[in-house]
Amino acid sequence: MKGSFRHIFITSLLIVSAMVFSCTDYSSILIDAPENLAISDVTSSSATLTWDSVYGSINYAVYINTENSTDSASYLGDSSTTGVNISGLDSYTTYYFWVYAKSIGGKGKPSSAISAQTVIG
């Protein structure tokens, strides 16, 4: 009889735990967009992008495009800091950059775009 009670108790506990975790909607915990993007050290093939820290962020996703559109922007990667050095850029080309803060709720809204033109190489 003792074994049956433990089995029922543990099974009930697991079911309740599963219900709590499956009902938690982390998408409602959206995080703010990064602000104050800045570009420095622009060369013919690279640039440094920085931004302000966002409270609650786990890391940041960085995107790039040669058009001012997030729809076709390319994902450059994640950064655990508030800055990245971007290399492999084409000479004398205008680039647009966006940064998304990421949290337990997923990726937040994009920052405002910032653009820079690489120098003639």
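None of the figures in this text is laboratory data; all of them are computed from the coordinates on show. Please read these numbers as outputs of a predicted model, since none were measured by experiment. With ideal geometry, Cβ positions are generated from the backbone for all residues, glycine too; neighbour counts draw on all protein chains shown.
Among residues of region 90-101 being of a type outside the set (Gly, Ala, Ser) and crowded, with 19+ Cβ neighbours inside 10 Å, the one that is farthest from residue 44 (Cα to Cα) is 100.
Within region 83-109, residues that are in contact (Cβ under 8 Å) with a residue 60 or more places away in the chain reach partners that are charged (D, E, K, R) and part of a loop (DSSP other than H, G, I, E, B) with beta carbons closer than 7 Å, at six or more positions or on different chains, in the pairs 101/32; 108/32. In region 89-121, the qualifying residues are those that are within 18 Å of residue 50 (Cβ to Cβ) and part of a loop (DSSP other than H, G, I, E, B), and the one that is nearest to the chain's Cα centre (by Cα) is 111. Residues being within 13 Å of residue 110 (Cβ to Cβ) and either part of a strand (DSSP E or B) or not aliphatic (A, V, I, L, M) (or both): count how many of those fall in region 43-59. Residues meeting the conditions: 1. Taking the criterion of being in a strand (DSSP E or B), surrounded by 14 or more Cβ atoms within 10 Å (Cβ to Cβ) and either polar (S, T, N, Q) or touching an Asp or Glu at 6+ places or on another chain (Cβ under 6 Å) (or both), the residues of region 60-88 that qualify are 61, 65, 79.
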